[in-house]
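Reading through the structure tokens given below for one structure.
The values are calculated or read from the model by the stated rules, or taken from the named source; none is laboratory data. As the structure is a prediction and not an experimental result, all values here were calculated from the model. Every residue, glycine as well, gets a Cβ built from its backbone with ideal geometry; the counts of neighbours run over all protein chains shown. Areas reflect the complete protein model, heavy atoms only, side chains present, ligands, DNA and RNA absent. Shrake-Rupley method; radii C 1.70, N 1.55, O 1.52, S 1.80 Å.
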Amino acid sequence: MKTSWLNGAFCFGGALLLAAVFGVGGCSSLPDEEVYPVDITIGEIEANMQKALDPDGRYAKAKSYVQRQITQEIRWLEENADEMLTDVKFVSPDKLMMVNIVDNAPQSGIIINGDRGWQIDYANKRSNELGESQMKLVRTLTLIANPGSRLSKVFDDIKITGCRVGDEDFYKLVCTVDDSNPNLPSLDIYIDKDDFLIKGYRVGKSSSKIIRYGLHEGVRIPVEIETVANGRKNRVSVVDYKLDVPIPLTDFYPPVFR
């Protein structure tokens, strides 16, 4: 089964995983949940999500994509909140780059190229190769972004329950990257029981809620999301998204600083 919906649904989930592994996430206040058993398989959930997010299989055939998103901190009584631009590039099957840009200058980023990865500090002109434990998590991120992937292939373990938050009902998927390593955070995914669209994520005490989906080249992706992490609330908006864009493979190596 081709699961073209994964990138559209998980572009923010991947960012959350990166935030968790590199220590960006923090404590936040999360609403109470009422969890209850449900009779559904991960295969049934995957099939319904595919119909909801990529009905024509457009993304399933894509070999690359580029995405640009803007993150703005939500502050009370302040009009000039800080903004950050993030450019994302992906080339199948295992090349991914995310660069954060502030005031038209790159500040930080992550580059994944097969079995190697780097954390880039553009502001201080240095890069650090990721260690083994970090690469375990970012390889999972790369799988999430791959059109040929699916939940049951990405995660070592997935537990499914029903979940009620306020007056909303979801399928809650607790996805474990490495079930032998309790130090790696799990990714909780909340899927609407009616339309099978992902409505939120949690990684540790950080949470994200998808506010709005949009249709890009036949693929339904989140275009507005709110995140709460480290006591701060941000709004992320997708401003550009294109499939099958030519991307030089040299982009997926760390920059040479002089």
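Would you pick out the residues in the range 208-238 that are modelled with pLDDT under 85, out of contact with any Gly (no Cβ under 6 Å at 6 or more places or on another chain) and among the aliphatic types (A, V, I, L, M)?
Val228
Look at the range 200-233 and say how many of its residues are touching a residue at least 60 places away in the same chain (Cβ under 8 Å), open to solvent by less than 40 Å² (accessible area, probe 1.4 Å) and of a type outside the set (Ser, Thr, Tyr).
9
I'm trying to understand the selection: among the residues of the range 98-119, which are touching a Phe, Trp or Tyr at 6+ places or on another chain (Cβ under 6 Å), surrounded by 17 or more Cβ atoms within 10 Å (Cβ to Cβ) and either among the β-branched types (Val, Ile, Thr) or under 23 Å from Arg235 (Cβ atoms) (or both)?
Passing the criteria: only Ile111.
Can you name the number of the only condition in (1) modelled with pLDDT of 85 or more; (2) open to solvent by 60 Å² or more (accessible area, probe 1.4 Å) that Cys27 fails?
Checking Cys27 against (1) modelled with pLDDT of 85 or more; (2) open to solvent by 60 Å² or more (accessible area, probe 1.4 Å), the one that fails is (1).
Does Phe196 fit the bill of being at pLDDT 90 or above and either over 28 Å from Glu224 (Cβ atoms) or part of a loop (DSSP other than H, G, I, E, B) (or both)?
The answer is yes for Phe196.
Restricting attention to the range 227-246, report how many residues are farther than 23 Å from Asp121 by Cβ and either in a loop (DSSP other than H, G, I, E, B) or in contact with a Pro (Cβ under 8 Å, 6 or more places away or on another chain) (or both).
Qualifying residue count, the range 227-246: 5.
Could you list, in sequence order, all residues of the range 58-69 that are surrounded by fewer than 15 Cβ atoms within 10 Å (Cβ to Cβ) and at pLDDT 85 or above?
Lys63 - this is the single residue of the range 58-69 that is surrounded by fewer than 15 Cβ atoms within 10 Å (Cβ to Cβ) and at pLDDT 85 or above.
Is there a residue in the range 87-96 that is of a type in the set (A, V, I, L, M), open to solvent by 20 Å² or more (accessible area, probe 1.4 Å) and at pLDDT below 90?
No, that holds for no residue.
Checking Tyr122 against (1) open to solvent by less than 30 Å² (accessible area, probe 1.4 Å); (2) touching a Gly at 6+ places or on another chain (Cβ under 8 Å): exactly one of these is not met. Which one?
Exception for Tyr122: condition (1).
So that you can scan it fast, the table gives a plain yes or no per residue for (1) at pLDDT below 60; (2) open to solvent by 30 Å² or more (accessible area, probe 1.4 Å); (3) not in a strand (DSSP E or B):
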| position | (1), (2), (3) |
| --- | --- |
| Leu6 | yes, no, yes |
| Gly13 | yes, no, yes |
| Leu17 | yes, no, yes |
| Asp32 | no, yes, yes |
| Gly43 | no, yes, yes |
| Ala52 | no, no, yes |
| Asp56 | no, yes, yes |
| Glu79 | yes, yes, yes |
| Met84 | no, yes, no |
